[in-house]
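Visitor: Please find one structure pasted underneath; my questions will follow.
The values are calculated or read from the model by the stated rules, or taken from the named source; none is laboratory data. Quick caveat, the model's predicted, so the values are computed rather than measured. Here Cβ is always computed from backbone atoms with ideal geometry, including for glycine, and neighbour counts include all displayed protein chains. In case anyone asks, the SASA skips ligands and DNA or RNA and just uses the protein heavy atoms, side chains included. Shrake-Rupley method; radii C 1.70, N 1.55, O 1.52, S 1.80 Å.
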Amino acid sequence: MKKSVILGTLTVAGLAAGMASAATLDDVKARGELICGTNTGLTGFAAPDANGVYQGFDVAVCKALAAAVLSDASKVKFVPTTGETRFTALASGEVDLLVRNSTWTYSRDTDLKLDFVAVNYYDGQGFMVKKDLGVSSAKELDGATICIQTGTTTELNLADFFKENNITYTPVTVADDSEAQRQYTAGACDAFTTDASGLAATRATLADAENHVILPEIISKEPLGPVVRHGDNNWGDVVRWTFYALVAAEELGITAANVEEIATTSTNPEVKRLLGTEGDMGAMIGLDKDWAKRAIAVSGNYGEIFAANIGESTSIGLARGLNAQWTQGGLMYAPPFR
Amino acid sequence: MAIVADVPKDGFRLSMLIYDTRFRSITIQVVVLILFLLGVAWLVNNTVENLAAKDKDIAFGFLWNRAGYDIGQTLVPYTNDSSHIRAALVGLVNTLVLAFFGCIFATILGVFAGVLRLSNNWIVGRLMTVYVEIFRNIPLLLWIILVYVVLSETLPTTADFRQSAQLIADGLPPTVSMSFGGTVALTNQGLNVPAPFFARGLGQISLGGMTISLNTLLVFAVVIGSFLANRALRRNAAKVQEATGLRPVIWWKSLLILFAPIILVCIALGLSFDVPVFGRFNFAGGISIAHAFTAMLVALSLYTGAFIAEAVRSGIMAISRGQSEAAFALGLQPGRTMKLIILPQALRIIIPPLISQYLNLTKNTSLGIAVSYLDLRGTLGGITLNQTGRELECMLLMMLIYLIISLIISSLMNLFNSAVKLKER
């Protein structure tokens, strides 16, 4: 009798623990802080600056989300995760979302019980080698030692690429980008492979960047984007549409500087719906009217974030390419705010 | 006792479970057992509930799926088309190889350091003290990384071995050339040595997915046979010595038995060496030992060796001084005293802590991921876990495997211990 009562209580407690993570939006609001899983340090995407404050392309998405949900872009706690720990950290509820150059794949979306809500950077895997090796194509890398970050899709793509081209390599499996960079600069591996954006970011931090080349081959599709736990659809919607608000803002010409002005003067119905001057779109995802306005005001629209962190004027120098707006021949396409 | 005898036989009351000393200990044990089982049940229940809440199940079927990744050091045949379980096996073999050599080197080092620390020579004794204290008191991970970084940052890069177009134009050789007559190359990526191979093969046999070369088997059989024959020879010599007081001269017979058969076999099979040659980026052919392995081996041996040295020292110090004094009185040299009198007795005290050190070393191989050494933790508990997302299954399996390895080492060492321990008759 007594035993069954105890077991019953335990079961309820166990279920309650399971349920607790179901409403992330409420948790974040109650906590007053957004916990965002990021890279351990990838310049331009997510890395602490000289003052120890996280800056970057992925960080900006977290800040915009914090502004939308908590009305304060500074209320974000960044939890650095490695390729190995990131999905466990997300699944266990240690972080509310992951914005960490994570590739959207079928098995991660289904079997790992994750939801990739959007793609904030369309990427592909590339190779970086020292210029004096005289390599001009990845297909010439037969017999090379290659540094590869473990727990990533790149690990599998690499194996597939070499197999397909019938050439061999020696993998040096490292835990994170910084270790890969150390091994690569020490010459412990001939080539370093990861997403092309990551290569550009790594190359930008090398003292002798001009002595390293990124090979032309892009051997995979790497759609990188914010990830949330499967099953909490409302939170997924909040993250997805906060990101699309930034994309739509670029398309509609709304910037950090003019967002207040446009909100009062614009007559474009879509702008008015997005910025909350017409209708109440925010209520549909459990937020207030001005959520998108706050998100855009933090670091601007998608284009501004791109240009400020990884664009051609920065040391990383990435072109928009696939990440241009659909009107410019790219893949950035926000569904209508209606 | 009188009280117990006076207990009236009016049956069993519940309060006796607590107040009667005959039942109390059983009561307590039963209660503790129930609490323990409840604790276990709660953990299991909690896990199952939470997995169910996340819509996940526990299944080991993924182990037979294609792994899809490559491993640097593969001592059993493996490609990225092999299964995850195969990758785990590759990792397990890497773990065992490292643990095996680590235990051997750590023991040799530990015994020497332990004996020398007791040396009457001031410098030698202090040097060994410094060695033991430094290695015992700094975390192993730091040693592993230190050795690895030193190896990979100080040795010549593979690029230095390259004959670039510029050098050819200038008529100069590469910056660094291979050592030992162009057969061995030590680069910042690893050590490349010639690989022995047999020109005439006896073929291979397949055993449950593993192909074993008959040549290797033959070589092993011949070596073991030679050793056994040599032992028989020595035993026979000892017998003759005991009977006649004269020890027959056997050194040349011994050498002949040890080396002639294996040399003959090697000639018969056409032994030759595959010398590493510099390819486009790195050395191809031969055997390449990555620095990850070397660093792990060196750091593990030095670190565990320091602990073994202490075990050896304590074992030696536990032997009464009278033993060595008696040996000296018989005219034995200090070296022979140590080898014949002290160490055999000290062994009884040394072996139990030695078992713990072997277990520690084996488990510490799981730090290999720090220097990209893909052991069991790196394959099954690293890449497989990540690519499949089966954390719980991989962790449970890995814990089980480490447990089994440790229990095997432990029972082998216990067997050895019971063989050398003091025989009480």
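Visitor: Taking region A:192-250 as the region of interest, how many residues are in a strand (DSSP E or B) and closer than 30 Å to residue A:137 by Cβ?
Guide: Of the residues in region A:192-250, 10 are in a strand (DSSP E or B) and closer than 30 Å to residue A:137 by Cβ.
Visitor: I need the full set of residues from region B:136-156 which are within 12 Å of chain A (Cβ to nearest Cβ) and hydrophobic (A, V, I, L, M, F, W, C), in order please.
Guide: Once the filter is applied, which keeps residues that are within 12 Å of chain A (Cβ to nearest Cβ) and hydrophobic (A, V, I, L, M, F, W, C), region B:136-156 yields B:145, B:149, B:150, B:151, B:155.
Visitor: Can you tell me how many residues in region A:283-321 are under 19 Å from residue A:45 (Cβ atoms) and charged (D, E, K, R)?
Guide: Count: 3.
Visitor: Taking residue B:288, is it within 13 Å of chain A (Cβ to nearest Cβ) and either outside any helix (DSSP H, G or I) or of a type in the set (Phe, Trp, Tyr) (or both)?
Guide: yes
Visitor: Looking at this structure, is residue A:79 open to solvent by 10 Å² or more (accessible area, probe 1.4 Å) and either assigned to a loop (DSSP other than H, G, I, E, B) or among the acidic types (Asp, Glu) (or both)?
Guide: Taking the combined requirement at face value, the residue does not satisfy it.
Visitor: Here is a further query. Can you pull out the residues in region A:24-50 that are at positive phi and touching a Gly at 6+ places or on another chain (Cβ under 6 Å)?
Guide: Selection gives A:44 alone.
Visitor: Of the residues B:87, B:106, B:159, only one is within 14 Å of another protein chain (Cβ to nearest Cβ), assigned to a helix (DSSP H, G or I) and either open to solvent by 50 Å² or more (accessible area, probe 1.4 Å) or touching a residue at least 60 places away in the same chain (Cβ under 8 Å) (or both); which?
Guide: Being within 14 Å of another protein chain (Cβ to nearest Cβ), assigned to a helix (DSSP H, G or I) and either open to solvent by 50 Å² or more (accessible area, probe 1.4 Å) or touching a residue at least 60 places away in the same chain (Cβ under 8 Å) (or both) holds for just one of B:87, B:106, B:159, which is B:87.
Visitor: Here's a follow-up. Of the numbered conditions (1) over 29 Å from residue B:86 (Cα atoms); (2) in a strand (DSSP E or B), residue B:197 fails exactly one; give the number of that condition.
Guide: Status for residue B:197: all satisfied but (1).
Visitor: Of the residues A:274, A:287, only one is in a helix (DSSP H, G or I) and modelled with pLDDT under 95; which?
Guide: Of A:274, A:287, the one residue that is in a helix (DSSP H, G or I) and modelled with pLDDT under 95 is A:274.
Visitor: Also, quick follow-up: Could you list, in sequence order, all residues of region A:314-327 that are at pLDDT 90 or above and exposed (fewer than 15 other Cβ atoms within 10 Å of the Cβ)?
Guide: A:326, A:327 - these are the residues of region A:314-327 that are at pLDDT 90 or above and exposed (fewer than 15 other Cβ atoms within 10 Å of the Cβ).
Visitor: Still on this model: Out of all the residues in region A:88-105, which are outside any strand (DSSP E or B), surrounded by fewer than 23 Cβ atoms within 10 Å (Cβ to Cβ) and within 14 Å of another protein chain (Cβ to nearest Cβ)?
Guide: A:88, A:89, A:91, A:92, A:93, A:94, A:105
Visitor: Follow-up. Of the conditions (1) open to solvent by 50 Å² or more (accessible area, probe 1.4 Å); (2) part of a loop (DSSP other than H, G, I, E, B), residue B:253 satisfies every one except a single condition; which number is it?
Guide: (2)
Visitor: Moving on. For region B:354-367, what are the residues that are polar (S, T, N, Q) and away from chain A (no Cβ under 14 Å)?
Guide: If the condition is that a residue be polar (S, T, N, Q) and away from chain A (no Cβ under 14 Å), then B:356, B:357, B:360, B:362, B:364, B:365 are the ones that fit.
Visitor: Out of all the residues in region A:7-24, is one or more surrounded by fewer than 17 Cβ atoms within 10 Å (Cβ to Cβ) and at pLDDT 90 or above?
Guide: Taking every residue of region A:7-24 in turn, none turns out to be surrounded by fewer than 17 Cβ atoms within 10 Å (Cβ to Cβ) and at pLDDT 90 or above.
Visitor: While we're on this one: For region B:386-403, give me each residue that is touching a residue at least 12 places away in the same chain (Cβ under 8 Å) and either at the interface with chain A (Cβ under 8 Å from one of its Cβ atoms) or within 27 Å of the chain's Cα centre (by Cα) (or both).
Guide: Selection gives B:387, B:388, B:392, B:393, B:394, B:395, B:397, B:398, B:401, B:402.
Visitor: Identify, by number, the condition in (1) out of contact with any helix residue (DSSP H, G or I) (no Cβ under 7 Å at 6 or more places or on another chain); (2) within 21 Å of residue B:414 (Cα to Cα) that residue B:359 doesn't meet.
Guide: (1)
Visitor: Need a quick list: strands (runs of 3 or more DSSP E) entirely within region A:106-191 having at least 1 residues that are more than 9 Å from every other protein chain (Cβ to nearest Cβ) and either open to solvent by less than 50 Å² (accessible area, probe 1.4 Å) or among the hydrophobic types (A, V, I, L, M, F, W, C) (or both).
Guide: Fully inside region A:106-191 and qualifying: A:114-116, A:121-123, A:125-130, A:144-149.
Visitor: Next question, about the same structure. Looking at region B:368-385, which of its residues are open to solvent by 10 Å² or more (accessible area, probe 1.4 Å) and more than 9 Å from every other protein chain (Cβ to nearest Cβ)?
Guide: B:377
Visitor: Anything in region A:178-208 that is among the hydrophobic types (A, V, I, L, M, F, W, C) and out of contact with any helix residue (DSSP H, G or I) (no Cβ under 9 Å at 6 or more places or on another chain)? List them, or say none.
Guide: Of everything in region A:178-208, those that are among the hydrophobic types (A, V, I, L, M, F, W, C) and out of contact with any helix residue (DSSP H, G or I) (no Cβ under 9 Å at 6 or more places or on another chain) turn out to be A:196, A:199, A:200, A:204.
Visitor: With the requirement that a residue be among the hydroxyl-bearing types (Ser, Thr, Tyr) and touching a helix residue (DSSP H, G or I) at 6+ places or on another chain (Cβ under 8 Å), what does region B:394-412 give you?
Guide: Scanning region B:394-412 gives B:402, B:406, B:410.
Visitor: Next question. State all residues of region A:99-144 that are hydroxyl-bearing (Ser, Thr, Tyr) and within 30 Å of residue B:157 (Cβ to Cβ); if no residue qualifies, say none.
Guide: Within region A:99-144, A:136, A:137 qualify.
Visitor: A further question follows. Identify, please: which residue in region A:61-87 is under 26 Å from residue B:388 (Cβ atoms) and either touching a helix residue (DSSP H, G or I) at 6+ places or on another chain (Cβ under 6 Å) or at pLDDT below 90 (or both) and is, among those, farthest from the other protein chains (Cβ to nearest Cβ)?
Guide: Restricting to residues being under 26 Å from residue B:388 (Cβ atoms) and either touching a helix residue (DSSP H, G or I) at 6+ places or on another chain (Cβ under 6 Å) or at pLDDT below 90 (or both), the top hit is A:81.
Visitor: In region B:44-80, which residues are more than 10 Å from every other protein chain (Cβ to nearest Cβ) and part of a helix (DSSP H, G or I)?
Guide: B:44, B:61, B:63, B:64
Visitor: Still on this model: Being within 14 Å of chain B (Cβ to nearest Cβ) and among the aliphatic types (A, V, I, L, M) is the filter here, so list the residues in region A:216-250 that pass it.
Guide: Residues satisfying the conditions are A:227, A:228.
Visitor: Tell me the residue from A:49, A:58 that is out of contact with any helix residue (DSSP H, G or I) (no Cβ under 9 Å at 6 or more places or on another chain) and either crowded, with 20+ Cβ neighbours inside 10 Å or acidic (Asp, Glu) (or both), please.
Guide: Going through A:49, A:58 in turn, just one is out of contact with any helix residue (DSSP H, G or I) (no Cβ under 9 Å at 6 or more places or on another chain) and either crowded, with 20+ Cβ neighbours inside 10 Å or acidic (Asp, Glu) (or both): A:49.
Visitor: Output the number of the condition that residue B:168 fails; it satisfies all remaining conditions of (1) in contact (Cβ under 8 Å) with a residue 60 or more places away in the chain; (2) of a type in the set (A, V, I, L, M); (3) within 14 Å of another protein chain (Cβ to nearest Cβ); (4) farther than 26 Å from residue B:372 by Cα.
Guide: (1)
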